[in-house]
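Here's the structure we're looking at; comments come further down.
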Amino acid sequence: MKLELEMTLTEFDHVLSGYTALLNLRLMNLCVKAEAAALLAVEVPFKGEKKRIEDVAKVAIPTDEYMEIYPLHEDLIEPITQSVLEVHPEFKPSRESVHIEEQDKDYRFVRFTMPEVDANRRDLLNSGVDACVSITKAQLDASKQRYMLRLTPDMQGLSDEETDEVKKQFDKYYDMNMELTNTSSDEKKKEIEDGYQRYLTKQQEKEQATQEQSAAEGEDAKKILDTNKKKE
């Protein structure tokens, strides 16, 4: 295979891979679970400069439901909170503290809880996934057309077997990245649906607890009435 063809095919693969990687980043920012990648776009003002979150704090993710950000300086709690909310206004912040025995000191940090996936949020997230996937597929298709136009002149003079080899490799890169796009979409929508089912389960548990409490209160009231009647 000509060197020019190999270089163009390699470039084509890199371009497509870049689009699918960008898709995954966008999908991570449609937050269902707490993920550090959701903070990549956050910039925190510090000493007149914009800093990445990892430059001014430590990030911990104890559970899928929330993340904790430990500032390197306590006076950064407010700037960090505001900077995160600028990117993710749906996060629910709360100020927390932990006692450090060795220093006999309380260390303050901020916890961001992920919003629950109710029916409205499920629809919103799924629409976001569809929009991101649509953009990526359009980019893949446009790149396919553009790079085939670049390859065509360099395939002049090749044997049928060599031409088939180039087209086969070209289609392989395109099909692979289109499959990755569909897989990413399916996995994200499953994550969203799982989040919605967890929300429904919690609601059912709350409703059941309320019913049980009401039944218990009713039983207690009945016992009091029965006791009063006996006294009469």
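The values are calculated or read from the model by the stated rules, or taken from the named source; none is laboratory data. Here the structure is a predicted model, which is why all the values come from computation and not from measurement. Ideal geometry is used to build each Cβ from the backbone, glycine not excepted, and the neighbour counts take in all protein chains shown. Side chains are part of the model used for accessible areas, which takes the heavy atoms of the whole protein and leaves out ligands, DNA and RNA. Shrake-Rupley method; radii C 1.70, N 1.55, O 1.52, S 1.80 Å.
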On the Cα set of the range 129-175, report Rg and Dmax in Å, please. 13.4, 44
Give the distance, in whole Å, between the Cα centre of the range 125-175 and the Cα centre of the range 5-37. 16
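Rolling a 1.4 Å sphere over the protein heavy atoms, what is the accessible area per residue of the chain, to the nearest Å²? Don't skip to the end; give the middle numbers.
Details: 14560 Å² over 232 residues.
Accessible area per residue, the chain: 63 Å².
Report, in listed order, any pair from K50/K144; K33/K137; K137/K188; K50/K92 with a Cα-Cα distance greater than 28 Å. Numbers along the way, then the final one.
Numbers: K50/K144 38 Å; K33/K137 25 Å; K137/K188 16 Å; K50/K92 23 Å.
In this structure, K50/K144 exceed 28 Å between Cα atoms.
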Can you work out ³J(HN,Hα) from phi for every residue in the range 28-45, in order, using Karplus 6.51 cos²θ - 1.76 cosθ + 1.60 and θ = phi - 60°, giving whole Hz and x for Gly and Pro? 4, 7, 8, 6, 10, 10, 6, 9, 4, 4, 5, 9, 4, 8, 6, 10, 10, x
Other residues with Cβ under 11 Å from the Cβ of E49 give, with Lys and Arg +1 and Asp and Glu -1, a net charge of +2
Between (1) 54, 28, 12; (2) 36, 21, 14; (3) 57, 17, 15, the structure-derived semi-axes √(5λ) of the Cα gyration tensor in Å is (1)
Under Karplus coefficients 6.51, -1.76 and 1.60, residue-wise ³J(HN,Hα) of the range 192-199 in Hz, glycine/proline x: 5, 5, 4, x, 5, 5, 5, 4
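Please give the net charge around T20, taking every other residue with its beta carbon less than 15 angstrom from that of T20, where Lys and Arg add +1 and Asp and Glu add -1.
Numbers: positive: R26, K137, K144, K172, K188; negative: D13, D141, D175, E179, D186, E187.
Local charge sum for T20: -1.
How much length is gained on full extension from K206 to E86, taking 0.36 nm per residue of separation minus their Cα-Cα distance?
Values: separation 120, 0.36 × 120 = 43.20 nm, distance 3.21 nm.
Fully extending the segment from K206 to E86 adds 40.0 nm.
What fraction, in whole percent, of alpha-carbon pairs in the range 97-185 exceed 23 Å separation?
Working: 2243 of 3916 pairs.
Value for the range 97-185 (Cα pairs over 23 Å): 57 percent.
Relative to the Cα centre, what is the charge dipole magnitude of the chain, using +1 at the beta carbon of each Lys and Arg, -1 at the beta carbon of each Asp and Glu, and rounding to the nearest 20 debye?
Values: 33 positive and 49 negative charges, 152 e Å.
Dipole magnitude for the chain comes out near 720 debye.
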Label-point separation in nm, R95 to S17, each point 7 Å along Cα→Cβ: 4.7
Out of the total accessible area of the chain (probe 1.4 Å, heavy atoms of protein only), what percent is carbon and sulfur? 50
